[in-house]
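Visitor: Here you go, one structure.
The values are calculated or read from the model by the stated rules, or taken from the named source; none is laboratory data. Quick caveat: nothing in here was measured; it's all calculated off a predicted structure. Glycine gets a Cβ as well: all are built from the backbone with ideal geometry, and neighbour counts include every protein chain shown.
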Amino acid sequence: MTEFFDALETRSQAERDADLFARLPSILKKAIQAPAYAARMRGVDPDAISSREALARLPVLRKSELPALQQTSMPFGGFVPGSMEAFGRLFTSPGPIFEPEGVESDVWRAGRGLYAAGFRKGDVVLNTLSYHMTPGGFIMDSGARALGCAVIPAGPGNVELQYEVIGAYRPVAYTGTPDFLKILLDGAAAAGKDLSSIRRALVSGAAFPRSLQEEFAERGIAAYQAYATADLGFIAYETSAREGLVVNENIIVEIVRPGTGDPVPEGEVGEVVVTTLDPHRPWIRLALGDLSAVMSGQSPCGRTNMRIKGWMGRADQATKVKGMFVRPEQIAEIGRKHPEAGRLRLVVTREGEADVMTLKAEAREAALAVALAATLQDLTKMKGRVEIVPPGALPNDGKVIADERTYT
């Protein structure tokens, strides 16, 4: 598959950033018409936010905060400018988090990822993501229909009815979780049902290990994965190169150090932060709590946008030690107070019947340990050890707090 969805996918990164950051100030002006954004960005000049460096100075909005924030100002926490007239559907996801859907075609930006997976005009698509209260089913549905596909709104479950529908419509493509596709295929093999019409798939919502990808390929299905959320739609998607996930167009993705809004160097694991350019439902530096890393270079498929490694775990590493929570934000604050320490990692272990904290710091001066120990105690209100390790010694896995306690 060497075709591209449009010319945006092959422009230079300099052209792309110039376009995104030329449009961003107008989105920020729209965003601050919403009271919650106005409060968070008080004193910010939207016209000055015209680069990645300037954007990185704005506060992050953590997805984990949304349920509480939305309860204080129903339904969207004061983060949506304008009225309900801009939306066509209203959803809720676990949390609960309330999400509106705009009225534009392919408002979740799924079509580009589906196209990269081989979906084309005239294809019949079996969509098994839920259409009930959550946006998952509509994200895939709207993208497929924008491509000119006919969609079977199957939803999850009811396997026997799914077989009946597949037999009647002979879909060539599948959207849904990889787990449910395996259930369908295994059940069909056991029951003698014919699912041979399905030749490609775009899966999301669950882990998609290479072993399962290869199993689908052996069954004649080329399956690709997408990284999407109920708040943002498609963030990144796999291509024929099968080397990481290409970031979607018309959004800005940053990878930041957990507990902060500070971008990490290319290749370092950090938290995914997304800014969208939707004036009706702008997201400004939404921190998703997911870990990933930027891959160097461009995809061999010819698409030129940033690539990320996909989902690599959760960034929310808050851990209870001696009955008190220690959070990544506190470790980040230690780093700000002692920038000479380099990367930090708090390791929590168990000795006897007591919790033990050890702060590992990549530093060149062993004498820094005393100051680090004092700051650790000051911020966490608990004593901990400090271990100085050589630069580059800590694992590149995005962990700021590692809970290694075992209980026997």
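Visitor: Just checking, which of A154, A188, A173 is in contact with a Cys (Cβ under 8 Å, 6 or more places away or on another chain) and not hydroxyl-bearing (S, T, Y)?
Guide: None of the other options fit; the residue is A173.
Visitor: Failed condition for T229, given (1) closer than 30 Å to P100 by Cβ; (2) surrounded by fewer than 16 Cβ atoms within 10 Å (Cβ to Cβ), with all others met?
Guide: Status for T229: all satisfied but (2).
Visitor: Another question, then. Of the residues G95, G122, G137, G118, which is closer than 21 Å to N248 by Cβ and either of a type in the set (S, T, Y) or in contact (Cβ under 8 Å) with a residue 24 or more places away in the chain (or both)?
Guide: Checking each option against the conditions leaves just G118.
Visitor: Separate question: Any chance segment 273-281 includes a residue that's surrounded by fewer than 23 Cβ atoms within 10 Å (Cβ to Cβ), among the β-branched types (V, I, T) and more than 26 Å from V400 (Cβ to Cβ)?
Guide: yes
Visitor: Across segment 22-39, what is the total count of residues that are touching a residue at least 40 places away in the same chain (Cβ under 8 Å) and in a helix (DSSP H, G or I)?
Guide: Qualifying residue count, segment 22-39: 10.
Visitor: From the set of residues in segment 249-303 that are in a loop (DSSP other than H, G, I, E, B) and among the β-branched types (V, I, T), which is nearest to Y227 (Cα to Cα)?
Guide: Ranking the qualifying residues of segment 249-303, first place goes to V269.
Visitor: Scan segment 228-248 for residues that are in a strand (DSSP E or B), at pLDDT 95 or above and not hydrophobic (A, V, I, L, M, F, W, C) and report the count.
Guide: Residues flagged as in a strand (DSSP E or B), at pLDDT 95 or above and not hydrophobic (A, V, I, L, M, F, W, C) within segment 228-248 amount to 2.
Visitor: Tally up the residues in segment 117-135 that are among the small types (G, A, S) and at pLDDT below 95, please.
Guide: Total satisfying the criteria: 1.
Visitor: Take segment 379-408 and flag every residue that is loosely packed, with under 12 Cβ neighbours inside 10 Å and either of a type in the set (A, V, I, L, M, F, W, C) or over 23 Å from V272 (Cα atoms) (or both).
Guide: Once the filter is applied, which keeps residues that are loosely packed, with under 12 Cβ neighbours inside 10 Å and either of a type in the set (A, V, I, L, M, F, W, C) or over 23 Å from V272 (Cα atoms) (or both), segment 379-408 yields K381, P390, P391, E404, T406, Y407, T408.
Visitor: Can you go through V348, V370, V386, V356 and tell me which one is outside the structural domain of V256 (by TED's automatic domain parsing) and under 23 Å from R62 (Cβ atoms)?
Guide: Sole residue among the options that is outside the structural domain of V256 (by TED's automatic domain parsing) and under 23 Å from R62 (Cβ atoms): V348.
Visitor: Looking at G167, G148, can you tell me which residue is in the same structural domain as A236 (by TED's automatic domain parsing), touching a residue at least 12 places away in the same chain (Cβ under 8 Å) and not in a loop (DSSP other than H, G, I, E, B)?
Guide: None of the others qualify; the one that does is G167.
Visitor: Filter segment 63-116 for residues that are modelled with pLDDT under 95 and on the phi > 0 side of the Ramachandran plot; which is surrounded by the most Cβ atoms within 10 Å (Cβ to Cβ)?
Guide: Per the criteria, the residue is G95.
Visitor: Return the only residue of S142, S130 being crowded, with 20+ Cβ neighbours inside 10 Å and of a type outside the set (A, V, I, L, M).
Guide: The conditions single out S142.
Visitor: Next up: With the requirement that a residue be touching a Pro at 6+ places or on another chain (Cβ under 9 Å), closer than 22 Å to S26 by Cβ and outside any strand (DSSP E or B), what does segment 85-106 give you?
Guide: A86, the sole residue that qualifies.
Visitor: Given the structure, is D17 modelled with pLDDT of 95 or more, closer than 16 Å to T276 by Cα and assigned to a helix (DSSP H, G or I)?
Guide: Answer is yes for this residue.
Yes/no per residue for (1) surrounded by 15 or more Cβ atoms within 10 Å (Cβ to Cβ); (2) of a type outside the set (D, E, K, R):
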{"site": "D186", "(1), (2)": "no, no"}
{"site": "A191", "(1), (2)": "no, yes"}
{"site": "A207", "(1), (2)": "no, yes"}
{"site": "S211", "(1), (2)": "no, yes"}
{"site": "R219", "(1), (2)": "yes, no"}
{"site": "T239", "(1), (2)": "yes, yes"}
{"site": "E243", "(1), (2)": "yes, no"}
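Visitor: Identify, by number, the condition in (1) of a type in the set (A, V, I, L, M); (2) within 27 Å of the chain's Cα centre (by Cα); (3) not in a helix (DSSP H, G or I) that I198 doesn't meet.
Guide: So I198 meets the others, but not (2).
Visitor: Would you point out which residue out of A168, A173 is more than 21 Å from R89 (Cβ to Cβ) and touching a strand residue (DSSP E or B) at 6+ places or on another chain (Cβ under 8 Å)?
Guide: A173
Visitor: Could you tell me how many of the residues in segment 288-320 are of a type in the set (G, A, S), crowded, with 21+ Cβ neighbours inside 10 Å and under 23 Å from A18 (Cα atoms)?
Guide: Selection size over segment 288-320: 2.
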